[in-house]
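Here the structure comes first, spelled out in structure tokens, and everything after it is commentary.
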Amino acid sequence: MKKFNLYYLFAFLILCISCSKEIVQKSEIVEKSLELQVLEVYQQGMKSLEEGDVLYAAKKFNQAEVLFPQSEWAPKSSLMASYAYYVQNYYSDSIGELERFIKIYNQDKNLDYAYYLLAICYYEQIVDETKDLQSIAKAQKYFKLVKTNYPNTEYALDSEFKLDLIDDILASKEMYIGRYYLDKKKWVSAINRFRNVIDNYETTAFTQEALHRLVEIHYILGLEDEAQKYASLLGYNYQSSEWYENSYAVFNKNYKKLKLSKNKDKKSSKILRKFKSLFNWDE
């Protein structure tokens, strides 16, 4: 009786094992079938991208990701969808895809590229440095992240270059506002803007002019020692520049008088040109 029971138990185990193998095999077939489908859809997306139909390509890449999320093609598809949107200048869609990629596939080997493309999406939206402050700040944030976290990649090198360009943009904004305050004779506000340029954007092309403006303002305010300090700094670092020559001219005792005279001459000249244009009068 015991032998009989053991026989049936053994038979049952064999049956279970064979069923289990069959299930595994079927599961493998299903997975293989799904992977082939994903690959086919992914290739359709690549073809559409090459043909210039980028929105259809993005749709196909999204479809490929959803078909088989556990596949190695899922993160590739997600990243390619964000790239397709970027190519078409659909920056918001590309940013959305990239943020989702970073959240879901945070261990993916292409994470450095995702952060870099995210920075580029913000960077390419900068049109006016006086208005596009959010895009500037976001681009700066992600370029710094790429440079710090992935220093040995090609993306880090370009990120460093782009950060220098962003500094130029921000310095340009400060100079624009500083000149406005200077024209309005709001001396303290102008000084703060020009100091910000030399303190935070000293490697930009605007440092020389910022130093000269500080020389100019302090001299006008009668603070000649401060003016001399900035002039010395300008002369030490940029002796051959036109801004140093301009600063040197500031210390001419007739500078204020000359400046007023030049402004009057400019105004008179403009009036005379306007008068001539009205009557078609040439000298």
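Selection over region 122-166 of residues that are of a type outside the set (A, V, I, L, M) and outside any helix (DSSP H, G or I) gives a count of 11.
Just so you know, in region 195-223 the residues that are surrounded by 14 or more Cβ atoms within 10 Å (Cβ to Cβ) and of a type in the set (S, T, N, Q) include one that is farthest from Asn246 (Cα to Cα), and it is Asn196.
Would you say Glu202 is within 18 Å of Asp167 (Cβ to Cβ), modelled with pLDDT under 95, acidic (Asp, Glu) and under 35 Å from the mean Cα position of the chain (by Cα)?
On the way: within 18 Å of Asp167 (Cβ to Cβ): yes; modelled with pLDDT under 95: yes; acidic (Asp, Glu): yes; under 35 Å from the mean Cα position of the chain (by Cα): yes.
Criteria met by Glu202.
Residues of region 178-194 that are surrounded by fewer than 17 Cβ atoms within 10 Å (Cβ to Cβ) and out of contact with any Phe, Trp or Tyr (no Cβ under 6 Å at 6 or more places or on another chain): Arg179, Tyr180, Asp183, Lys184, Lys185, Lys186, Trp187, Val188, Asn192. Just to verify a result, which residue in region 98-120, among those that are touching a residue at least 24 places away in the same chain (Cβ under 8 Å) and over 20 Å from Asn152 (Cβ atoms), is surrounded by the most Cβ atoms within 10 Å (Cβ to Cβ)? My answer is Phe101.
For region 229-255, a residue qualifies if it is more than 35 Å from the chain's Cα centre (by Cα) and either exposed (fewer than 13 other Cβ atoms within 10 Å of the Cβ) or without any contact (Cβ under 8 Å) to a residue 12 or more places away in the chain (or both), and the qualifying residues are Lys229, Ser232, Glu245, Ala249, Asn252, Lys253, Asn254. Report yes if some residue within region 48-55 is within 29 Å of Leu145 (Cα to Cα), acidic (Asp, Glu) and surrounded by fewer than 20 Cβ atoms within 10 Å (Cβ to Cβ); otherwise report no. For region 48-55, residues within 29 Å of Leu145 (Cα to Cα), acidic (Asp, Glu) and surrounded by fewer than 20 Cβ atoms within 10 Å (Cβ to Cβ): absent.
Taking the criterion of being crowded, with 22+ Cβ neighbours inside 10 Å, small (Gly, Ala, Ser) and part of a helix (DSSP H, G or I), would at least one residue in region 85-93 satisfy it? Talk me through it step by step, then tell me what you get.
Of all residues in region 85-93, those crowded, with 22+ Cβ neighbours inside 10 Å come to 85-86.
Then drop every residue that is not small (Gly, Ala, Ser), which leaves none.
No.
For region 87-121, filtered to residues that are of a type in the set (S, T, N, Q) and on the phi < 0 side of the Ramachandran plot, the residue that is farthest from the chain's Cα centre (by Cα) is Gln107.
The values are calculated or read from the model by the stated rules, or taken from the named source; none is laboratory data. Bear in mind the structure is a predicted one, so any value in this text is a computation, not a measurement. No Cβ is skipped: glycine too gets one built from the backbone with ideal geometry, and neighbour counts run over all protein chains shown.
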